[in-house]
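First comes the structure, then the notes that go with it.
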């Protein structure tokens, strides 16, 4: 079976990179505010507004008054120069999305090189590249303005380093490899602190792969350097806010648990509820969170496990292959642990929490496909079914080319559809509410909202976050059930959010002062197809009951 020319192979790879970049570039160039907010989640604007406040010298605060640690620090650090230089809020959004696109491209490049080193079959790295870079979820995530592209890039880089060590291509590099990996593990943690599960898996793998005489030295060097990178953030967060965990990781999950308890459920029922969320996520996540059809994902995972198990017993399976398989198994266990915490314990899994799977699964599929040895297995199967089959000719090469075109065309079309549709249609009402606040209130007006990102970013007004995602003081007020008193202390004159759903959900936390407060509806935002589960944004004027 003869391969296509090297020029054709290179053209195929460049075409995939080009299509993936073109999709993202067209969106960046053409999308306006209305389109951007339907793809960029509200949480991203917490980053952007806080970055602008830090750059303006107001400190780590979303609303300009209350301090916060509700973000992942490495992405915030990258946003600060852009926040200082961007001429307008919309320009900063575009810069953040351009940074995500660049990081997604680098991730795809590392992924392609990783798989190409593992196999001489030219189209397997190409398939892995397609599965990631043209994946509609990966395209959307690269344009979500969040820390996920940075986290996924660092995850892929560390995975490539550890797998190269497992395969024997970097063994013996010594202190340089250990230092680089230790620093990268620290950065991976700062990119998303829930990467601690992956950090532990990679650290354990790297230590286990070291030769016995240097194993403890490697463990110490890596741990020390990772700690040097991560410790300042943890120390500041703990000293300033009393916890090393960001308020964004504490507040909303606590509310969900408390509401469940207030409904009269027992602790045992709470455990069962968490397990149910976990199991549903495992089933639905094979489709929604990683972008592949569930039938494809489940089948590919099952076949990959079978291939690894069969080849493990094969005398031709090298030590490097076995080590690589064990590394992948450890990373899979870390991913399962992370998923369990977000779903069964926190009850609050978000789609972008699992972006690393969009890299990890193509790596697993590609390596399993390479171990399957399609260059030998497929021709044998063809000859078994059709003994007179001729060697690969021009016609069959043409069919292979058409198959590759189809494999590229389908995810590309799905990506275009995702970009056009967006993930958050109700964000259009949030943007309209921000514009109403900007156009109908004095510049010193103070507003409050549970979904405060878009409203606070585009309104030009001080908007206090109420669900605690980006406000440690609001989280304290929730726990003490004095949210209305917190609003009064903050000088809030307007409240706006999706109603009545939001106040019904958070009603138990407003406190006794809510009985004496007046919340008169002065405007309602109603856009076709932009409601949130049947509720629209109502704008209330806050006062005292007569």
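Which one is farthest from residue 197 (Cα to Cα), of the residues in segment 297-308 that are at pLDDT below 85 and loosely packed, with under 15 Cβ neighbours inside 10 Å?
Within segment 297-308, the match that is farthest from residue 197 (Cα to Cα) is 299.
Residues in segment 508-526: is at least one part of a loop (DSSP other than H, G, I, E, B), within 30 Å of residue 138 (Cα to Cα) and either modelled with pLDDT under 95 or more than 31 Å from the chain's Cα centre (by Cα) (or both)? Steps first, please.
Initial filter on segment 508-526 (part of a loop (DSSP other than H, G, I, E, B)): 510-511, 526.
Those left that are additionally within 30 Å of residue 138 (Cα to Cα): none.
For segment 508-526, residues part of a loop (DSSP other than H, G, I, E, B), within 30 Å of residue 138 (Cα to Cα) and either modelled with pLDDT under 95 or more than 31 Å from the chain's Cα centre (by Cα) (or both): absent.
Name the single residue, out of those in segment 351-377 being part of a loop (DSSP other than H, G, I, E, B) and at pLDDT below 90, that is surrounded by the fewest Cβ atoms within 10 Å (Cβ to Cβ).
Narrowing segment 351-377 to residues part of a loop (DSSP other than H, G, I, E, B): 355-356, 372-373.
With at pLDDT below 90 added as a condition, the list becomes 372-373.
Details: 372: 19, 373: 15.
Looking at residues that are part of a loop (DSSP other than H, G, I, E, B) and at pLDDT below 90, I get 373.
Please give the number of the condition residue 344 fails out of (1) within 16 Å of the chain's Cα centre (by Cα); (2) touching a residue at least 60 places away in the same chain (Cβ under 8 Å).
Here residue 344 clears every test but (1).
For segment 285-296, give me each residue that is touching a helix residue (DSSP H, G or I) at 6+ places or on another chain (Cβ under 8 Å) and either loosely packed, with under 14 Cβ neighbours inside 10 Å or in contact (Cβ under 8 Å) with a residue 60 or more places away in the chain (or both).
Across segment 285-296, the qualifying residues are 285, 288, 289, 290, 291, 292.
Checking residue 452 against (1) more than 24 Å from the chain's Cα centre (by Cα); (2) more than 16 Å from residue 541 (Cα to Cα), which single condition isn't satisfied?
Unmet condition: (1).
Would you call residue 93 assigned by TED's automatic domain parsing to the domain that holds residue 290, surrounded by 19 or more Cβ atoms within 10 Å (Cβ to Cβ), touching a helix residue (DSSP H, G or I) at 6+ places or on another chain (Cβ under 9 Å) and closer than 21 Å to residue 438 by Cβ?
Considered against the rule, which asks whether it is assigned by TED's automatic domain parsing to the domain that holds residue 290, surrounded by 19 or more Cβ atoms within 10 Å (Cβ to Cβ), touching a helix residue (DSSP H, G or I) at 6+ places or on another chain (Cβ under 9 Å) and closer than 21 Å to residue 438 by Cβ, residue 93 comes out as yes.
Among the helices (runs of 4 or more DSSP H) contained in segment 1-64, which hold 1 or more residues that are assigned by TED's automatic domain parsing to the domain that holds residue 101 and either crowded, with 19+ Cβ neighbours inside 10 Å or touching a strand residue (DSSP E or B) at 6+ places or on another chain (Cβ under 7 Å) (or both)?
Ranges flagged: 6-30.
Just checking, how many residues over segment 474-526 are surrounded by 14 or more Cβ atoms within 10 Å (Cβ to Cβ), in contact with a strand residue (DSSP E or B) (Cβ under 8 Å, 6 or more places away or on another chain) and more than 16 Å from residue 447 (Cβ to Cβ)?
1
Find the residue count for segment 402-450, including only residues that are closer than 30 Å to residue 248 by Cβ and surrounded by 18 or more Cβ atoms within 10 Å (Cβ to Cβ).
22
So how many residues does segment 110-144 have that are free of Cβ contacts under 8 Å to residues at least 40 places away in the same chain and not in a loop (DSSP other than H, G, I, E, B)?
So the answer is 1.
Tell me which residues, restricted to segment 211-238, are surrounded by fewer than 20 Cβ atoms within 10 Å (Cβ to Cβ), in contact with a helix residue (DSSP H, G or I) (Cβ under 8 Å, 6 or more places away or on another chain) and more than 20 Å from residue 149 (Cβ to Cβ).
215, 217, 219, 221, 223, 224, 225, 227, 228
Please give the number of the condition residue 76 fails out of (1) surrounded by 23 or more Cβ atoms within 10 Å (Cβ to Cβ); (2) in a helix (DSSP H, G or I).
(1)
Listed residues 189, 197; which is without any contact (Cβ under 8 Å) to a residue 60 or more places away in the chain and either surrounded by fewer than 22 Cβ atoms within 10 Å (Cβ to Cβ) or in a helix (DSSP H, G or I) (or both)?
Only one candidate qualifies: 189.
The values are calculated or read from the model by the stated rules, or taken from the named source; none is laboratory data. No experiment lies behind these values; they were computed from the predicted model shown. Reconstructed Cβ throughout: ideal geometry from the backbone, glycine too, with neighbour counts over all protein chains shown.
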